[in-house]
1. Could you pull out every residue, at least 5 positions away or on a different chain, whose amide H is within less than 5 Å of the one on residue 150? Hs are placed 1.01 Å off N in the peptide plane, and Pro or chain starts have none.
2. Restricting to lysine pairs 8 or more places apart or on different chains, what number in the chain have Cα atoms under 19 Å apart?
3. Would you kindly calculate the mean projected area, averaged across all directions, of the convex hull enclosing the Cα atoms of the chain, in square nanometres?
4. How long are the three semi-axes of the equivalent ellipsoid for segment 63-117, computed from the Cα gyration tensor as the root of 5 times each eigenvalue, in whole Å, largest first?
5. Provide the per-residue ³J(HN,Hα) series for segment 40-52, in order, calculated from phi with Karplus coefficients 6.51, -1.76, 1.60 and θ = phi - 60°, each as a whole number of Hz, with x at glycine and proline positions.
6. How much net charge surrounds residue 79 when only other residues with a Cβ under 14 Å from its Cβ are counted (Lys, Arg +1; Asp, Glu -1)?
7. Under 12 Å from the Cβ of residue 236, count the other residues' Cβ atoms, weight Lys and Arg +1, Asp and Glu -1, and hand me the total.
8. Non-local amide H neighbours of residue 4 (under 5 Å, H modeled in plane, Pro and chain starts lacking H): which ones?
Amino acid sequence: MLTYPHIDPVIIAFGPLKVRWYGLMYVLGFGATYLLVKYQLRRFRFPGLAERFDNLNLYLILGVIIGGRLGYVFFYQPAYFLAHPLEIFATWEGGMSFHGGCIGVILAGVLFCGYHRLSFWKAADLYVVTIPLGLGLGRIGNFINGELYGRVSDVPWAMVFPGAGLLSRHPSQIYEALLEGLLLFSILWAVKHKPWGESPSRFWPHGSMLALFLILYGLVRILAEWFREPDPYLGLLMFKLTMGQLLSTFMIAFGLVLWGLLAVKK
């Protein structure tokens, strides 16, 4: 069994103002996406986006935050927030849903690109290949906070997490950081400009990276959640799946439909 490192979640405090590792991970994730999309814009022409790049980023950040919070409210604890509606705005107390954030950022991108007559599919492909870096960093933030820990286990690398009892557990946050972050980024970044099919002239149609991301993220999230402790206020749901696994199933289905439509169109 390994010893949990007990890292202080607060990096530095200025009176009531506290800078936390988890918040820093969000900033680093947004920064990585910004730089990598900027890099792609320099290499590949996308008329109109370069001039509106910063404005689009603002829309996408708002989409992530608003969608992530509302996703948590409606997917995970609707009864609680119905009884305490003002706490919906208390984002500093935690509670964000990746699936809600995904919906929010897609809607924000669709609205922005539609209004400015930009190709949403092309923009989505530029951004989505960078998103796993932020996801991986976010999971490291979860690990530092000692939250979203794994199920009870006796594997040699299991840990006793603070606030999770005396039993050792899977460090599932690290599993997710490696799967949702490192592995997913490596795959998407490697294939983003590879040919589609056997013919070198048949390149991926715009939207393919988004479809591939939805499918692959859903698969690795379902896998990782077999090692993660279910949310105590939900437990296991239908077919003994967690809420994250159920939402990821719909995510995979949507990605497969989009993939099929793109293949037919191609």
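Taken together, the values in this text are just the output of simple stated rules run on the coordinates, not laboratory data. As the structure is a computational prediction, the values presented were derived from the model and not from experiment. All Cβ positions, even for glycine, are placed from backbone atoms using ideal geometry, and neighbour counts span all protein chains on display.
1. 170, 172, 173, 229
2. 10
3. Working: hull surface 67.3 nm².
Seen from a random direction, the Cα hull of the chain projects 16.8 nm² on average.
4. Details: eigenvalues 123, 19, 17 Å².
So the three semi-axes of segment 63-117 are 25, 10, 9 Å.
5. Result, rounded to whole Hz: 5, 5, 6, 8, 10, 5, 8, x, x, 6, 4, 6, 10.
6. Numbers: positive: none; negative: 87, 231.
Net charge in that neighbourhood comes out at -2.
7. Values: positive: 151, 228, 240; negative: 225, 229, 231.
After counting each charged neighbour, the total is 0.
8. 160
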